[in-house]
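S.K.: Supplied in C-alpha cells, the structure appears directly below.
The values are calculated or read from the model by the stated rules, or taken from the named source; none is laboratory data. What you see is a predicted model; the values in this text were computed from it and never measured. All Cβ positions, glycine included, derive from the backbone under ideal geometry; neighbour counts span all protein chains shown. The area values use the complete protein model at the heavy-atom level, side chains included, leaving out ligands, DNA and RNA. Shrake-Rupley method; radii C 1.70, N 1.55, O 1.52, S 1.80 Å.
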Amino acid sequence: ALEHESVRLLHGDLPAWRAAVAALPDAAPHGVDAAAAAPQVSLPDGSEAAVETALRALMPWRKGPWRLGSTTIDTEWRSDLKFARLEPHLDEMDGQRVLDVGGGNGYFAIRLAALGAQSVLNVDPTLLFYFQFLAVQRYLGVANAGMLPIPFEALAPADPFDTVLSMGVLYHRRAPSQHLEDLRAQLRPGGRLVLETLVVDEASATVLIPADRYARMRNVWSLPTISRLGDWLTEAGFTDIECHDVTRTTTDEQRPTEWMTFESLEHALDPHDANRTIEGYPAPTRAMLSARRG
C-alpha cells in the first residue's frame, strides 16, 4: 500500500490536481501571517467551503500545518516542531538566497521566506506537493518563496546559494557521499549547509544498512552514527561541523490525521516495544547538523 501511494504521488492524477487548484475561488486574502507556526491567512466570507473542498482534493497533506481561513490542515508531520528546532541554528536570513532540497509542499520555504530571506527555492519531484504549494501560495502569496517540481540532481549549479537545507533526504540516497558533494556544489564558499537525517547511537555499528526495509520504508539505505556523518561531511569538503539537535521521532510529531489517512509512524514501530521498528531496528532518531563549505 505504501509503495502504491508513492507511485501515485509521483506520477499522479494531474487532471484532478489541476482542477482542485483551479477550483480555488478568487479572493482578496487579508491578515496574512506566513511566519506563524501554521502559516495562515484570513479569507472573505463565502469562500471558506469552496477552499476546504479544493484543499481536500489535494490529500494526503504531509508537511504543515497550514491555516487558510477557517480550514486548518492538520498534516501528518508537525513540521512546526522541527522548524522550532531548526530556527535557533540558522544564520541571519536577511538578504540570503536559500535552497531547500526535498522540501515537500514548501512549508519550510515559506517559513524561511517570512524570516527575511531574499529568496527561497524548494525543489521536490513529487507532483502532488507542487500543487499543494500552488494552493497555499494562491492565498499566502509569499513572493520570495518558489518551487520547482524536479529532482535535486536535475538542478544545475548556477548562482550559488548562501544556505542549503537537506532535511530528511540523505537516508533516501544510495550514495550519501555523492549527495553531500552535490549539496556542496550548490553553496558559495563559506555558505552553510543544514542537514537533518536518521542516525543510530554511537554504540551501534558505524553505519546501519537495513537488510530490506526500515520502518516499513524500502528506500532507506544507510543510517550513520553522528561521528560517521561528520566524517562524510569532512570528506565532502565541509568544515565547522556542528551537531545541534538529536531527537527521537514520536507519534506526537508524525501521525495519521484526517488530512493524511495512510499508515504513519505508529504502524512502523514494534507494537510491543516503541524503541524498535517493526523490523527490529532502533526506532527513528534524527540529528540536525550544520557545516560550512570549505
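S.K.: Could you please state, rounded to a whole Å, how far the C-alpha centre of the stretch 158-222 is from the C-alpha centre of the stretch 229-252?
M.R.: The stretch 158-222 and the stretch 229-252 have Cα centres separated by 9 Å.
S.K.: Related question: Taking only Cα atoms, what is the 0 to 90° angle, nearest 10, from helix 176-185's long axis to the longest principal axis of the chain?
M.R.: The angle comes out at about 60 degrees.
S.K.: While we're here: Farthest toward the dipole's positive end in the chain, which of GLN178, LEU223, LEU90, given Cβ charges of +1 (Lys, Arg) and -1 (Asp, Glu) about the Cα centre?
M.R.: Of GLN178, LEU223, LEU90, it is GLN178.
S.K.: Report the one residue of PHE133, THR277, ALA35 whose Cα lies farthest in the direction of the positive end of the charge dipole of the chain (charges on C-beta: Lys and Arg +1, Asp and Glu -1; origin at the Cα centre).
M.R.: The one lying farthest along the dipole's positive direction is PHE133.
S.K.: What ranking of HIS272, HIS172 comes out by heavy-atom accessible area, probe 1.4 Å, highest first? Could you put the intermediate results ahead of the total?
M.R.: Values: HIS272 170, HIS172 55 Å².
My answer, sorted largest first, is HIS272, HIS172.
S.K.: Still on this structure: Over the chain, what is the relative contact order in whole percent, taking alpha-carbon pairs under 8 Å and six or more residues apart? Provide the component values of the computation, followed by the final result.
M.R.: Working: 603 pairs, mean separation 49.3, N = 294.
The normalised contact order for the chain reaches 17 percent.
S.K.: Okay, moving on. How many percent of DSSP beta bridges within the chain run antiparallel, rounded to 5?
M.R.: Details: 28 of 51 bridges.
Restricted to the chain, the bridges split so that about 55 percent are antiparallel.
S.K.: If amide H atoms are built 1.01 Å from N in the plane of the peptide, which residues on other chains or at least 5 residues away come under 5 Å of the amide H of TYR214?
M.R.: VAL220
S.K.: Still on this structure, please answer the following. Over 21 Å, how big is the tail of the calculated P(r) for the stretch 203-294, in percent of all Cα pairs? Kindly include the intermediate steps, with their values, before the conclusion.
M.R.: Numbers: 1774 of 4186 pairs.
Result for the distance tail: 42 percent.
S.K.: Something else: Cα gyration tensor of the stretch 45-101, axes a ≥ b ≥ c as square roots of the eigenvalues: rounded (a/c below 1.5), prolate (a/b > b/c) or oblate? Show your work: numbers first, answer last.
M.R.: Values: a/c = 2.60, a/b = 2.08, b/c = 1.25.
Prolate.
S.K.: Tell me the mean residue ellipticity at 222 nm calculated for the chain from its helices only (DSSP H runs of n ≥ 4, each -39500 (n - 2.57), averaged over every residue, nearest 500). Don't jump to the answer; show the numbers that get you there.
M.R.: Values: 9 runs with 83 residues, N = 294.
Dividing the helical sum by the residues of the chain leaves -8000 deg cm²/dmol.
S.K.: What is the Cα centroid distance between the stretch 30-57 and the stretch 75-126, reported in whole angstrom?
M.R.: Using only Cα atoms, the two centres lie 20 Å from each other.
S.K.: When a/c is below 1.5 the answer is rounded, else prolate if a/b is larger than b/c, else oblate, so apply that to the stretch 103-207 with a ≥ b ≥ c taken from the square roots of the Cα gyration tensor eigenvalues. Each step should come with its number before you reach the end.
M.R.: Numbers: a/c = 1.88, a/b = 1.56, b/c = 1.21.
Since a/c reaches 1.5 and a/b is larger than b/c, the shape of the stretch 103-207 is classed as prolate.
S.K.: Where nothing but the Cβ of Lys and Arg (+1) and of Asp and Glu (-1) is charged, how large is the charge dipole of the chain around its Cα centre, in debye to the nearest 20? Display every interim value, and only then the final one.
M.R.: On the way: 27 positive and 39 negative charges, 86 e Å.
With only Lys, Arg, Asp and Glu charged at Cβ, the dipole is about 420 debye.
S.K.: Over the Cα atoms of the stretch 1-116, how large are the radius of gyration and the largest Cα-Cα distance (Dmax), in Å?
M.R.: Every Cα atom of the stretch 1-116 included, Rg and Dmax give 15.6, 44 Å.
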